[in-house]
There are 2 protein chains.
Amino acid sequence: MFTQIQAAQNRLSGYANRTPVMSSRTLNQQVGAEIYFKCENFQRVGAYKFRGAFNAMSQLTPTQKSRGVIAYSSGNHAQAVALVGRLLNIDATIVMPANAPKIKRRATAAYGATIVSYDPHEPQGREAIASDLQAEYGYTLIPPFDHPDIIAGQGTAAQELFSEIGHLDALLAPCGGGGLLSGSAICAKAMDPACRVIGIEPKAADDATRSFRTQTLQRVTNPLTIADGVRTPSLGQITFPLVLDYVDDMQTVTEQAIMDAVTFFFYRMKLVVEPSGALGLAALLSRAVSPSGRIGVIISGGNIDAETLAQILDS
Amino acid sequence: MFTQIQAAQNRLSGYANRTPVMSSRTLNQQVGAEIYFKCENFQRVGAYKFRGAFNAMSQLTPTQKSRGVIAYSSGNHAQAVALVGRLLNIDATIVMPANAPKIKRRATAAYGATIVSYDPHEPQGREAIASDLQAEYGYTLIPPFDHPDIIAGQGTAAQELFSEIGHLDALLAPCGGGGLLSGSAICAKAMDPACRVIGIEPKAADDATRSFRTQTLQRVTNPLTIADGVRTPSLGQITFPLVLDYVDDMQTVTEQAIMDAVTFFFYRMKLVVEPSGALGLAALLSRAVSPSGRIGVIISGGNIDAETLAQILDS
């Protein structure tokens, strides 16, 4: 699997941003460890999702490319597929929940994708719409996480982090569908086997943590978390076994801890980070994970509305 | 003068952050130039002011250090003097306008400085208070800009930018009292003489631009600009001749352009930038400066209240 991450890195070269690694003296003193943030909020489209989408779409056949692609997504994956579509001249159709953050909707449309809305409270709404459109137009589905090329692409963020920083005692990554987490874990076990990989979820959407502990796939339905990027109902058929095999632990954080982390990023580090992207820092600040030594944290994205941010900073 | 910047760089080593240089593909396409942002919002205390304060205070005599320092400032200089005081074990007293942004007030107090408030509508209020306290306690005044050690310290940001990026066709820096601008210009003329250095001011606080054009020192009183970091009444006795000698041009930007720039930083670059820090980008986006080639822009700071940011993003 790691060779697929290396191949993805070569494909992404010149297209994806090699995002910076940042740290905070204040934070390091506060938690008593050296924290290295891999800043995927500075990735193209403002999230790591560009990596997986580009890795998957750049490998389509000429026929698949000419027919176009379809994706369903709560937001960042949609933007990624839309931008990659524009870069590679592939028509993109995005099936999006009607309540997706405005900023993500607007950006997706701005990249020239066609948006089809669905009611998020309608069970299986998005898959049904997507498969109807696939059948009608011959689109190729670009899944948000449960695909080897997506997982390999997402793993390139951790690869860059280890290449730049060297050994880490632990690596924290947010977990929604498990694409970023499993890609990061595969990378860690190949590049730095002693590094503990820990997935972080909101308590309000703890399906992956329960799946990990029970070794049986668990689900959540429309979880009430501010972290819109990880509202995914469950791990996937591919990511679940990868998480069991490669991830060392899973931990959950409260909504308050997530908001405290977004606030810390804003005021202390001058970084715009969306709630899902702040899960790792939330785990450190709330001591859900007690760090020592050198800790890597993946900031998954920075696409947050002004209203959501104002609400968090006021809280 | 440039040797003083080099000496300042050596003093700052290990204390100041070597801040990253960032860019945006979207922006480069939009303006048709390569823009390199020197991100002093990532400097300690969230602004370049740490550089000058550290350079000045680290050179005090043991007696001066034991008596303590005093500063008057609308904000970032205050935080810088307070933090440097803590780092070097020097008591700091800060004379601050009663209407200074809450975030700056709170941070200054958190670094352990003593805060003395004054009414900003009272003419010469702050200088009088400061000189009374100086006379009474023997404090050394750390001026916000009009001092060779402060200017040399501020010039180190540009030094790092040229060292990292090489030749620039132009360098844009915000202008309040002219410490950052003159330090940057001295550095540019030594390291990259062909680089045009352009100071940027709010139209509503255009005293330095008028001073530059008329070659006579001009003033503004309590200017109505959102850019609180550059509300300084005029250039100083030291910075004014330096600006005349070393700076190539001055340009002004509207309040709307400043707000548009803060918004671009937030949504497109995921950077928290205060209004004064966004002056350079405001000049590019509004075409107050028409860029071509390689353009350096100093982001002076990122200390912005949630309320001010929300107001800007809503506008």
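The values are calculated or read from the model by the stated rules, or taken from the named source; none is laboratory data. No experiment lies behind these values; they were computed from the predicted model shown. Here the Cβ is made from the backbone with ideal geometry for all residues, glycine too, and neighbour counts use every protein chain on show. Only protein heavy atoms, including side chains, enter the accessible area calculation; ligands, DNA and RNA are left aside. Shrake-Rupley method; radii C 1.70, N 1.55, O 1.52, S 1.80 Å.
Let's see if you can work this out: charge +1 on each Lys and Arg Cβ, -1 on each Asp and Glu Cβ, no other charges. What is the dipole magnitude of chain B about its Cα centre, in debye to the nearest 20?
Rounded to the nearest 20 debye, it is 600 debye.
At 37 °C and a viscosity of 0.692 mPa s, what translational diffusion coefficient does Stokes-Einstein give for the range A:50-141, taking Rh as the Kirkwood radius over Cα pairs? Give it in µm²/s as a whole number.
On the way: Rh = 12.9 Å.
Result for D is 254 µm²/s.
Out of the total accessible area of the protein assembly as shown (probe 1.4 Å, heavy atoms of protein only), what percent is carbon and sulfur? Don't jump to the answer; show the numbers that get you there.
On the way: 10760 of 22930 Å².
Carbon with sulfur: 47 percent of the solvent-accessible area.
From the square roots a ≥ b ≥ c of the eigenvalues of the alpha-carbon gyration tensor of the range B:245-286, which class results: rounded (a/c under 1.5), prolate (a/b over b/c), or oblate? Numbers along the way, then the final one.
Working: a/c = 2.63, a/b = 1.93, b/c = 1.36.
Prolate shape, in that a/c is at least 1.5 and a/b is the bigger ratio.
Taking a quarter of the surface of the Cα convex hull of chain B, what do you get in nm²? Before the final figure, lay out the partial values.
On the way: hull surface 57.0 nm².
Taking the Cα atoms of chain B, their convex hull projects to 14.2 nm² on average.
Mind ranking A:ARG126, A:ARG210 by accessible surface for me, highest first, 1.4 Å probe?
A:ARG210, A:ARG126
From the cross-link list A:LYS38/B:LYS270; A:LYS49/A:LYS203; B:LYS203/B:LYS270; A:LYS270/B:LYS49, which pairs have alpha carbons spaced over 18 Å apart?
Among A:LYS38/B:LYS270; A:LYS49/A:LYS203; B:LYS203/B:LYS270; A:LYS270/B:LYS49, the Cα-Cα distance tops 18 Å for A:LYS49/A:LYS203; B:LYS203/B:LYS270.
Using only atoms on other chains, find how many Cβ atoms lie within 10 Å of each Cβ of peptide B:246-252 and report the average.
0
So how much slack lies between B:GLN311 and B:ARG287, counting 0.36 nm per residue of separation and subtracting their Cα-Cα distance, in nm?
Roughly 6.3 nm would be gained on extension.
For the range B:50-141, report the accessible area per residue in Å² (1.4 Å probe, heavy atoms, rounded to an integer).
44 Å²
Please give the solvent-accessible surface of A:TYR118 in Å², to the nearest 10, using a probe radius of 1.4 Å with every protein chain present.
Approximately 30 Å² for this residue.
Would you mind giving the average projected area, over all directions, of the Cα convex hull of the protein assembly as shown in nm² with one decimal?
26.9 nm²
May I ask you to evaluate 6.51 cos²θ - 1.76 cosθ + 1.60, the Karplus curve with θ = phi - 60°, for each residue of the range A:179-184 and list the ³J(HN,Hα) values in order in whole Hz, giving x for glycine and proline?
x, 5, 5, 5, x, 5
List, in order, the whole-Hz ³J(HN,Hα) value for each residue of the range A:81-96 obtained from phi through the Karplus relation with A = 6.51, B = -1.76, C = 1.60 and θ = phi - 60°; use x for Gly and Pro.
In residue order, the calculated couplings are 4, 5, 5, 4, x, 5, 5, 9, 6, 10, 5, 10, 10, 10, 9, 10 Hz.
Determine, from the Cβ-Cβ distance of A:GLN64 and A:SER131 and an R0 of 25 Å, the FRET efficiency 1/(1 + (r/R0)^6), rounded to the nearest 0.05.
It comes out at approximately 0.95.
Just checking the output field for A:304-311: average partner chain Cβ neighbours within 10 Å of each residue's Cβ?
Rounded to a whole number, the mean comes out at 4.
Under a 5 Å amide H to amide H cut-off, with H placed in plane at 1.01 Å, what residues pair with B:SER117 once short-range neighbours are removed?
Here B:MET96 satisfy the definition.
So the label point sits 7 Å from Cα along the Cα-to-Cβ vector; using that for B:ASP132, what distances do you get to the other copies, in nanometres, sorted shortest first?
Distances between equivalent label points, in nm: 7.7.
Counting only DSSP beta bridges with both residues in chain B, what percent are antiparallel, rounded to the nearest 5?
Beta bridges within chain B, antiparallel portion: roughly 10 percent.
Compute the FRET efficiency between B:ASP245 and A:LEU87 as 1/(1 + (r/R0)^6), taking r as their Cβ-Cβ distance and R0 = 56 Å, and round to the nearest 0.05.
0.75
Considering every residue in A:261-274, what mean count of other chain Cβ atoms within 10 Å of its Cβ is obtained?
5
With springs connecting C-alpha atoms under 10 Å apart, model chain A as a Gaussian network and identify which of A:ALA194, A:ALA185, A:ALA135 has the largest mean-square fluctuation.
A:ALA135
Once amide H atoms are built 1.01 Å from N in the peptide plane, which residues 5 or more positions from A:ILE70, or in another chain, come under 5 Å H to H?
When sequence neighbours closer than 5 places are left aside, the close amide H contacts are A:THR93, A:THR140, A:LEU141, A:ILE142.
Placing the label point 7 Å from Cα along the Cα-to-Cβ direction, what are the distances from A:LEU217 to the equivalent spots in the other copies, shortest first, in nm to one decimal?
Result for A:LEU217, in nm, nearest copy first: 7.5.
List the accessible area buried at the contact between B and A, summed over both sides and calculated with a 1.4 Å probe, in Å² to the nearest 100.
That pair of chains buries around 2000 Å² in total.
Would you tell me which residue of chain B has the beta carbon closest to the rotation axis bringing chain B onto chain A, and how many whole Å away it is?
Its Cβ sits closest to the axis: B:ALA310, 2.
Heavy atoms of the protein only, probe of 1.4 Å, neighbouring chains included. What is the accessible area of A:THR209 in Å², nearest 10?
About 10 Å², rounded to the nearest 10.
HN-Hα J couplings of the range B:187-199 from phi, Karplus 6.51/-1.76/1.60, θ = phi - 60°, integer Hz, Gly and Pro as x?
Result, rounded to whole Hz: 5, 4, 5, 7, 8, 7, x, 7, 6, 7, 9, 10, x.
What residue among A:ASN28, A:ALA110, A:MET57 has its Cα farthest toward the positive end of the dipole of the range A:1-112, where the charges are +1 on Lys, Arg and -1 on Asp, Glu, each on the Cβ?
A:ALA110
Looking at chain B as a GNM with Cα springs under 10 Å, which of B:GLN218, B:GLN43, B:GLN154 has the largest mean-square fluctuation?
Answer for the Gaussian network model of chain B: B:GLN218.
Using modelled amide H (1.01 Å from N, peptide plane; none on Pro or chain starts), what sits under 5 Å from the amide H of A:MET250, excluding residues fewer than 5 places away?
Result for A:MET250 returns A:GLY199.
Quote the FRET efficiency, to the nearest 0.05, computed for A:THR26 versus B:TYR15 with a Förster distance R0 of 22 Å and r equal to the Cβ-Cβ distance.
Result of the calculation: an efficiency of 0.95.
Assuming a ≥ b ≥ c are the square roots of the Cα gyration tensor eigenvalues, decide whether the range B:162-292 counts as rounded (a/c under 1.5), prolate (otherwise, with a/b larger than b/c) or oblate.
oblate
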